[in-house]
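The values are calculated or read from the model by the stated rules, or taken from the named source; none is laboratory data. Just so you know, these numbers come straight off a predicted model, no measurement behind them. FYI the Cβ positions are ideal-geometry reconstructions off the backbone, even for glycines, and counts take in every protein chain you see.
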Amino acid sequence: MSTKKWFESWFDSPYYHILYKNRDFKEAEDFISTISKNLFKSKDNLLDVCCGKGRHAYTFSKLGFKVEAFDLSPKSIAKAKELESDTLQFYVHDMLKPFKENHYQYVVNMFTSFGYFESDNENKSALKSIVTNLKPGGYFLMDYLNANYVNQHLVSEETKQLNGINFNINRKIENNCVIKTIDFEDKGEKYQFKESVNLIDANTLTGWIEENKLAVLNTFGDYQLKPFDTDNSKRLIIFAQK
Ligand SMILES: C[S@@+](CC[C@H](N)C(=O)[O-])C[C@H]1O[C@@H](n2cnc3c(N)ncnc32)[C@H](O)[C@@H]1O
């Protein structure tokens, strides 16, 4: 029996990348160009925390930022390394530990790459490590789910057919976590994976960010940076300064 945590096995599996294949470089490109035009106006150094295969990091580097990025998944980082250049490097690293303290003008954490630990204390300690990487005066951008929206619009059962695989997805809310169970069969073998993300609401999360002595400058509700609305926004995008 594997003792790995759900996020170590699921995100390192090829099936995560099949199920989420619409979360691609094109989506990242559109969002990053909006961020770069409206929020990150100087092309300085940037850290992408939980970068996956590097779709946001790559786009920032193409726009002239000097980018470093890390993820816990060795397979994602091996793939991301194919994109490396003078201004783009990838590392395997755990967000619970600081990477380079007081080093970056920008730190980003994209597409719900937070809230994976069981206790608030561990999630808060991850957040503390993430923002430690910022220089004083540097900017933090976090792209997280809107807990209130997830609570109101939970789709409890869904089937998705992708690459010839039928993914059966069940969602429930338990202990303030949205738990997604993913069952499927591939090449005669049965698989089950799980995702469990804490539903941290906007006030709590902005409060945690402020506890780390950052000022929350703005909150947005989607990738076009419309203002955050607790009932209708799908995303919670927090823009803060150290
Ligand atoms: C939902 S994915 C998003 C990936 C990427 N930001 C994107 O948008 O494509 C979450 C990522 O967080 C990474 N992750 C999970 N726990 C981590 C940890 N403790 N430290 C660093 N990365 C972690 C996973 O491996 C996965 O790549």
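Among the residues of segment 100-123, those identified as within 14 Å of the ligand (Cβ to nearest atom) and not in a loop (DSSP other than H, G, I, E, B) are Val107, Val108, Asn109, Glu122, Asn123. For segment 70-85, the criterion of being in the same structural domain as Glu27 (by TED's automatic domain parsing), buried (at least 21 other Cβ atoms within 10 Å of the Cβ) and more than 10 Å from the ligand (Cβ to nearest atom) is met by none of the residues.
For a quick check of your reading of the model, give me the residue pairs whose first member lies in segment 94-116 and is within 14 Å of Met142 (Cα to Cα), whose second is small (Gly, Ala, Ser) and within 6 Å of the ligand (Cβ to nearest atom), with beta-carbon atoms closer than 9 Å and at least 6 apart or on different chains. As it stands, the answer is Met95/Ser113; Met110/Gly52; Phe111/Gly52; Ser113/Gly52, since those pairs meet every condition given.
Filter segment 20-67 for residues that are among the charged types (D, E, K, R), without any contact (Cβ under 8 Å) to a residue 60 or more places away in the chain and either within 13 Å of the ligand (Cβ to nearest atom) or in a helix (DSSP H, G or I) (or both) and give the result.
Matches in segment 20-67: Asp24, Lys26, Glu29, Lys37, Lys53, Arg55, Lys62.
In segment 10-29, which residues are touching a strand residue (DSSP E or B) at 6+ places or on another chain (Cβ under 6 Å) and surrounded by fewer than 18 Cβ atoms within 10 Å (Cβ to Cβ)? Once the filter is applied, which keeps residues that are touching a strand residue (DSSP E or B) at 6+ places or on another chain (Cβ under 6 Å) and surrounded by fewer than 18 Cβ atoms within 10 Å (Cβ to Cβ), segment 10-29 yields only Ile18. Within segment 110-152, the set of residues being closer than 20 Å to Tyr223 by Cα and of a type in the set (D, E, K, R) comprises just one member, Asp143.
Filtering segment 18-27 for residues that are at pLDDT below 95, in contact with a Phe, Trp or Tyr (Cβ under 7 Å, 6 or more places away or on another chain) and of a type outside the set (Phe, Trp, Tyr) leaves a non-empty set. What is the one condition in (1) under 27 Å from Asn176 (Cβ atoms); (2) surrounded by 16 or more Cβ atoms within 10 Å (Cβ to Cβ); (3) within 10 Å of the ligand (Cβ to nearest atom) that Asp94 does not satisfy? With respect to (1) under 27 Å from Asn176 (Cβ atoms); (2) surrounded by 16 or more Cβ atoms within 10 Å (Cβ to Cβ); (3) within 10 Å of the ligand (Cβ to nearest atom), Asp94 is out only on (2).
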